[in-house]
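Data first, discussion second: the structure below is written as structure tokens.
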Amino acid sequence: MFDFVVVHYSEIGTKGLNRPFFENVLRRNISKVLEDLKVKRFDGRILVELKGEEYREVRRKLKKVFGIAWFAFAYSCNAEYKKIKKLVVEKIKEQKGRTFKIFVKRADKSFPLNSLELSRKLGEDVLKKYKLKVRMKNPEIRVFVEIVRGKAFVYFKKIKGLYGLPVGTSGKVISLISGGIDSPVASWLCMKRGCKVIFVHFHPFLDSKLVMNSKVIKIIKVLADYSLECKAYLVPFIFIQKELIEKVPSKLRVIVFRRFMLRVAERIAEKENANGIVTGESLGQVASQTLENLRVIQAS
């Protein structure tokens, strides 16, 4: 059974004095999706302590957390050569393949062997035990060893994450969500840049309960898996639509209606202390999304 999940990030590592803030938000977000599991920052990485959990479910949840570059299910032992050797030799036999390469990252400089020395020595021990061959390029078996703060972590596969920034590190935005593809994608990309997204959907029903089985609600539920928390405003526009039909020329109705939507979104943004509005507009995609029309829609 695996002992830990070793989580690595990329962009967070480029941050300066506020790097601990980003790390803590990522740790907190991972804790939310994995609930009762112990999650902690650990020398430039995040560790999730496993307790016999179904690893497929843990994997599924981590693949939806922004800020993770990659993660791996790892075995652990104390950072002593004999114990590392025993763990590597024991676990490599469970892997499929005839060629291998050992990758070592020694974050703990107190360990007596450097990365190259440790990889060579482990490789020699593996060759003595099994009929395998070393291959520097495209090996069938990849053995990863990390030496960190008196601990050694051994794993055989890196699982790619979503990259980006942890949700909650870049403020809050309002997203005008619809049943098309543009606004969900725009919302998802804002989450990837660390924004907490609050959804606003304009619907044609008198009773907002009637929209609960709609395509839009299904989209919001999918996006909620990535945002960790979800809040949505369902706004009926049937009365405004009647007014527009009576008082606005047909060729201007879409533009006027979009202006109305933005005004409502602005009020909600003020209420939620949000810093921006996501519209999902795609320049030139439809007639209402020409540069001139977008300027009119967004004019104060």
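The values are calculated or read from the model by the stated rules, or taken from the named source; none is laboratory data. Keep in mind that what you see is a predicted model, and the values were worked out from it rather than measured. Every residue, glycine among them, receives a Cβ derived from its backbone with ideal geometry; neighbour counts consider all protein chains shown. Side chains included, ligands, DNA and RNA excluded: accessible areas come from the protein's heavy atoms. Shrake-Rupley method; radii C 1.70, N 1.55, O 1.52, S 1.80 Å.
Residues that are within 14 Å of ALA224 (Cα to Cα) and of a type outside the set (A, V, I, L, M) were ranked within the stretch 184-193; the one that is least open to solvent (accessible area, probe 1.4 Å) is SER187. Only one entry in GLY150, GLY171, GLY161, GLY179 is at pLDDT 95 or above and either within 22 Å of the chain's Cα centre (by Cα) or open to solvent by less than 50 Å² (accessible area, probe 1.4 Å) (or both), namely GLY161.
ILE102 meets each of the listed conditions (1) part of a strand (DSSP E or B); (2) at pLDDT below 95; (3) over 24 Å from the mean Cα position of the chain (by Cα) apart from (2). Figure legend. Inter-residue proximity from the stretch 201-214: first residues over 12 Å from PHE237 (Cα atoms), second residues modelled with pLDDT of 85 or more and open to solvent by less than 70 Å² (accessible area, probe 1.4 Å), beta-carbon distance below 6 Å, spacing 6+ or different chains. Indicated pairs: VAL211/HIS203; VAL211/LEU234. In this structure, ALA107 does not satisfy being touching a Lys or Arg at 6+ places or on another chain (Cβ under 8 Å), under 25 Å from ALA69 (Cα atoms) and at pLDDT 95 or above.
Scanning the stretch 67-99 for residues that are part of a loop (DSSP other than H, G, I, E, B) and either under 27 Å from ASN138 (Cα atoms) or among the hydroxyl-bearing types (Ser, Thr, Tyr) (or both), which turns out most open to solvent (accessible area, probe 1.4 Å)? The selected residue is LYS96. Note on the stretch 44-66: residues that are in contact (Cβ under 8 Å) with a residue 24 or more places away in the chain, part of a loop (DSSP other than H, G, I, E, B) and either open to solvent by 80 Å² or more (accessible area, probe 1.4 Å) or more than 20 Å from ALA107 (Cβ to Cβ) (or both) total 6. If you go through the stretch 1-25 and keep only what is β-branched (Val, Ile, Thr) and surrounded by fewer than 13 Cβ atoms within 10 Å (Cβ to Cβ), you end up with just THR14. As a summary of the residue check, TYR155 satisfies the conditions (1) farther than 20 Å from ALA269 by Cβ; (2) modelled with pLDDT under 95; (3) crowded, with 18+ Cβ neighbours inside 10 Å except for the one numbered (2). Within the stretch 57-114, the set of residues being under 30 Å from LEU189 (Cα atoms) and among the aromatic types (Phe, Trp, Tyr) comprises PHE66, TRP70, PHE71, PHE73.
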